[in-house]
Amino acid sequence: MSEDGKERTAELQYDDGALRLPVLTGSEGDEAIEVKTLLAKAGKVALDPGFVNTASCRSAITYIDGDAGILRYRGYPIQELATGSSFIEVCHLLIYGELPGPGELKEFADKLKVNAGIPEEMRTLLDAFPRNGHPMTLLGSAINTLAAYYSDSVDPSDPDQVELATIRLLAKLPTIAAHIYRNSVGEQPVEPDASLDYVENFLHMTFGQEKGQGELGSLFVKAMDLLLILHADHEQNCSTATVRVVGSSQADMYGSVTGGINALFGPLHGGANQAVLEMLEEIRQSGGDIDAFLERVKARETRLMGFGHRVYKNFDPRSKEIKGLASQILANQERPDELFELALRLESKALADSYFTERKLYPNVDFYTGVIYRAMGFPTNMFTVLFAIGRLPGWIAHWREQAADSSARIARPRQLYTGPAERAYPGHA
Ligand code: MLT
């Protein structure tokens, strides 16, 4: 609607006709041309591989302005949430729409503590998984089976069951992730401790008594909490879109989140934080020559991981926060971190080179996260699992928003068929 209350339209002209399509305006002034009648009225589909310019839904959760480098959850700037809120408060904000008051926060945190344990049979199942399997593969399998252990919370049309699934997923995913990690390093899993808060408890279940104590421990807890906030939602990214597509068939929340975990695992999505560390390690091992590496990137012989973003054509606002955190953590290390220093030099050389700036290639959320996780003692193959713990409230919020939307329909894209036209069947000789 325009200010005078008239419906706004855009005209689409094609060889044999024209069509008026509604122009819709979002709460931040963004505009969308609604094309859902295109097939019925004009006999044509919209072709947009990779959804580069397709809004698949209306959503009130997260706002991004990629040109200005703005990210807000439910209207609050990410920088303010990062400095003023805890991850649990941000979970509440994303899922229920508002930051919790003190009473609500306690109730929410208590529910997560009470539900942090996993059934004995599930422990046996986790112990039977291959110890050297990638933790993301194992996490996806384990989360999918939660639907079998908790069949009283799989009905998407029952609000009480949806709430139960929400709490169970948030409470149990870190416990499962820590159990998988302990198995992978040949250590006994550590039980959740209800006296600890969410992030402290995760670090406790992962590292036992080693971390979470003393000055460095509290810095790690703060760092982990901040990283989880920065990863908590990013509107219709690949894994969240996957959660929505799976959920659109009225699949349960556990199965939908499993779809998100598998999408996140890919190196072009959440797996990129692991790929950045591998890239830095490769540069280090080949003598640390950044100029030579950047020349290979320009010759398209290798990729500069952790740079560039589909949506941000400016700095990723999350990467600025993460870089500051990395400097803080690494300043507290006993020895200088070679890979962090390499990352700093690589960033400044790339940003001083017009090849990268003309292509709007700036560091993204994945560029510095790996060096922090490494300094905290996580092995490379756990990095994407940490991203999954952070992204979980976003997946849940989007799944719930869609489940509550009476206008939502099963996701069923169209295609432009490019195979053979009808031809004669050869028959049997
Ligand atoms: C994310 O946070 O999901 C990544 O930046 C990828 C994206 O938004 O497309």
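The values are calculated or read from the model by the stated rules, or taken from the named source; none is laboratory data. Because the structure is a prediction, the values reported are computed rather than measured. Note: ideal-geometry Cβ built from the backbone for every residue, glycine included; neighbour counts use all protein chains shown. Note: accessible area is taken over every heavy atom of the protein model, side chains too, but ligands, DNA and RNA are not part of it. Shrake-Rupley method; radii C 1.70, N 1.55, O 1.52, S 1.80 Å.
Sort through ALA241, ALA263 and tell me the only one that's open to solvent by 10 Å² or more (accessible area, probe 1.4 Å), part of a helix (DSSP H, G or I), in contact (Cβ under 8 Å) with a residue 60 or more places away in the chain and within 13 Å of the ligand (Cβ to nearest atom).
Testing whether each residue is open to solvent by 10 Å² or more (accessible area, probe 1.4 Å), part of a helix (DSSP H, G or I), in contact (Cβ under 8 Å) with a residue 60 or more places away in the chain and within 13 Å of the ligand (Cβ to nearest atom) leaves just ALA241.
Looking only at residues that are small (Gly, Ala, Ser) and assigned to a helix (DSSP H, G or I) in the range 369-385, which one is nearest to SER239 (Cα to Cα)?
Per the stated criteria, the residue is GLY370.
Scanning for something among the small types (Gly, Ala, Ser), more than 16 Å from the ligand (Cβ to nearest atom) and part of a loop (DSSP other than H, G, I, E, B), does the range 211-222 turn up at least one residue?
Scanning the range 211-222 turns up at least one residue that is among the small types (Gly, Ala, Ser), more than 16 Å from the ligand (Cβ to nearest atom) and part of a loop (DSSP other than H, G, I, E, B).
Residues are listed down the side, and each one gets a yes or a no for (1) among the basic types (Lys, Arg); (2) within 16 Å of the ligand (Cβ to nearest atom); (3) open to solvent by 10 Å² or more (accessible area, probe 1.4 Å); (4) within 26 Å of PRO77 (Cα to Cα):
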{"site": "ARG300", "(1), (2), (3), (4)": "yes, no, yes, no"}
{"site": "TYR312", "(1), (2), (3), (4)": "no, yes, no, yes"}
{"site": "ASP316", "(1), (2), (3), (4)": "no, yes, no, yes"}
{"site": "SER327", "(1), (2), (3), (4)": "no, no, yes, yes"}
{"site": "THR357", "(1), (2), (3), (4)": "no, no, yes, yes"}
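Among (1) buried (at least 19 other Cβ atoms within 10 Å of the Cβ); (2) at pLDDT below 95, which single condition is PHE293 missing?
If we test PHE293 against (1) buried (at least 19 other Cβ atoms within 10 Å of the Cβ); (2) at pLDDT below 95, just (2) comes out false.
So if I check each of ALA408, ALA404, ALA375, which one is over 21 Å from the mean Cα position of the chain (by Cα) and farther than 30 Å from ILE95 by Cα?
Of the residues listed, the single one that is over 21 Å from the mean Cα position of the chain (by Cα) and farther than 30 Å from ILE95 by Cα is ALA375.
Is it the case, given these coordinates, that GLY133 is over 19 Å from the mean Cα position of the chain (by Cα) and outside any helix (DSSP H, G or I)?
yes
With (1) surrounded by 15 or more Cβ atoms within 10 Å (Cβ to Cβ); (2) at negative phi as the list, and GLY306 as the residue in question, which single condition is left unmet?
(2)
Of everything in the range 333-344 that's more than 27 Å from the chain's Cα centre (by Cα) and open to solvent by 80 Å² or more (accessible area, probe 1.4 Å), which residue is nearest to SER286 (Cα to Cα)?
GLU338
Considering only the range 377-407, how many residues are among the polar types (S, T, N, Q) and open to solvent by less than 10 Å² (accessible area, probe 1.4 Å)?
1
Among the residues of the range 63-102, write down those that are in a helix (DSSP H, G or I), of a type outside the set (D, E, K, R), closer than 18 Å to GLU163 by Cα and without any contact (Cβ under 8 Å) to a residue 40 or more places away in the chain.
HIS92, LEU93, TYR96
For the range 36-66, give me each residue that is loosely packed, with under 11 Cβ neighbours inside 10 Å and within 22 Å of the chain's Cα centre (by Cα).
Hits for the range 36-66 are PRO49, GLY50, VAL52, ASN53.
If you check PHE387, PHE367, which single one turns out to be under 12 Å from the mean Cα position of the chain (by Cα) and within 13 Å of the ligand (Cβ to nearest atom)?
When all the criteria are applied, what remains is PHE387.
For the range 290-337, name all the residues that are small (Gly, Ala, Ser) and over 28 Å from HIS234 (Cβ atoms).
Selection gives ALA292, ALA299, ALA331.
Yes or no: GLY271 small (Gly, Ala, Ser), within 30 Å of ASP158 (Cβ to Cβ) and either within 12 Å of the ligand (Cβ to nearest atom) or open to solvent by 10 Å² or more (accessible area, probe 1.4 Å) (or both)?
For GLY271, the condition - small (Gly, Ala, Ser), within 30 Å of ASP158 (Cβ to Cβ) and either within 12 Å of the ligand (Cβ to nearest atom) or open to solvent by 10 Å² or more (accessible area, probe 1.4 Å) (or both) - is not met.
ASP225 - would you say it is open to solvent by less than 10 Å² (accessible area, probe 1.4 Å) and either within 30 Å of PHE51 (Cα to Cα) or in a helix (DSSP H, G or I) (or both)?
no
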